[in-house]
Amino acid sequence: MAEPTQTQRTPTTPSAYAYCAWHKGVTRDVRLIQIEETGSGPGTGRQRFACHPCQITHGLVPLADR
């Protein structure tokens, strides 16, 4: 039996786009930086995300890395 001549492609992970609160634009590869509480009770809070360049420029540390 003949060997395949094409290499298998690795599956690509879809990338998501989100709003960077620091440069105020839509970008990809953002990380959650902070959650601002907006009231009492569960599920009330505004999440603020930042892209990698803004993380470096503003010295932001993602919540997952703290």
Within the range 22-39, how many residues turn out to be over 12 Å from the mean Cα position of the chain (by Cα) and either in contact (Cβ under 8 Å) with a residue 24 or more places away in the chain or open to solvent by less than 40 Å² (accessible area, probe 1.4 Å) (or both)? 5
Output the residues belonging to the range 54-66 that are more than 12 Å from the chain's Cα centre (by Cα) and either among the hydroxyl-bearing types (S, T, Y) or over 13 Å from A21 (Cβ atoms) (or both). I56, T57, G59, V61, D65, R66
Of these, R46, R9, which one is modelled with pLDDT of 65 or more and either open to solvent by less than 80 Å² (accessible area, probe 1.4 Å) or basic (K, R) (or both)? R46
Hey, among the residues in the range 12-43 that are modelled with pLDDT of 85 or more and of a type in the set (S, T, N, Q), which one's nearest to L63 (Cα to Cα)? Q34
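The values are calculated or read from the model by the stated rules, or taken from the named source; none is laboratory data. Everything numeric here is computed off the predicted structure, so don't read it as measured data. All Cβ positions, even for glycine, are placed from backbone atoms using ideal geometry, and neighbour counts span all protein chains on display. For the accessible areas, the whole protein counts, side chains as well, though only heavy atoms, and no ligand, DNA or RNA atoms are used. Shrake-Rupley method; radii C 1.70, N 1.55, O 1.52, S 1.80 Å.
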